[in-house]
Amino acid sequence: MRRIKQGDDVIVIAGKDKGKQGKVTKIVDSDRVIVEGINLAKRHTKSNPATGSAGGIVEKEMPLNISNVGLYNPATNKADRVGFKTLEDGKKVRYFKSNNEVVDI
């Protein structure tokens, strides 16, 4: 089980986009994530008539290291650390360490 999953709301805690918030769109490797609207890079693309794509300058979301993002806690409006615990029914869940609130139900 991962601390940060696809679809989670996260806050960037280090780097040029520190303090920005977004949703995880993809987990690239075990240690890199792509967050929507964060860490944009300009990519100069050549047009390709075979696929019908136009050329020009395209902004592309680049991966961030997973250590540079923290899971957003709506109760505190800040990034929070995540732990794991097992419920009474045997289900393993993630929880916020600051207030022991379960992340995924």
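Using heavy atoms of the protein chains and a probe of 1.4 Å, the accessible area assigned to Thr25 is about 50 Å². What the Cβ-Cβ distance of Glu36 and Thr86 gives, at R0 = 41 Å and to the nearest 0.05, is a FRET efficiency of 0.80. Here the extension length gained between His44 and Asn99 equals 15.2 nm, from 0.36 nm per residue of separation less the Cα-Cα distance.
Placing unit charges on the Cβ atoms of the charged side chains and taking the dipole of the chain about its Cα centre, the candidate lying farthest along the positive direction among Val58, Ile27, Thr86 is Val58.
With θ taken as phi - 60° and the Karplus curve 6.51 cos²θ - 1.76 cosθ + 1.60 applied, the whole-hertz 3J(HN,Hα) list for the range 35-40 is 10, 5, x, 10, 6, 7 Hz, x standing for glycine and proline. For the pair Ala75 and Lys23, a Förster radius of 25 Å applied to the C-beta separation gives a FRET efficiency near 0.85, rounded to the nearest 0.05. Shown in residue order for the range 53-63 are the 3J(HN,Hα) couplings computed by the Karplus curve 6.51 cos²θ - 1.76 cosθ + 1.60 at θ = phi - 60°: 8, 7, x, x, 9, 10, 8, 10, 7, 9, x Hz (x for Gly and Pro). The heavy atoms of Ser98 offer some 80 square angstrom of accessible surface to a 1.4 angstrom probe. Taking all protein chains as shown and a probe of 1.4 angstrom, Asp8 keeps an accessible surface of around 20 Å².
Listed by chain and number, the aspartates and glutamates whose C-alpha is less than 17 Å from the C-alpha of Lys60, apart from same-chain residues fewer than 8 away, are Asp17, Glu36. Ranked from largest, the principal axis spans of the Cα set of the range 8-74 equal 46, 22, 20 Å.
The values are calculated or read from the model by the stated rules, or taken from the named source; none is laboratory data. Since the structure is predicted, the reported quantities are computational estimates derived from the model, not experimental observations. Please note: Cβ atoms are built from the backbone with ideal geometry, for glycine as well, and neighbour counts cover all protein chains shown. Remember, those area values only see protein heavy atoms, side chains included, never the ligands or the DNA or RNA. Shrake-Rupley method; radii C 1.70, N 1.55, O 1.52, S 1.80 Å.
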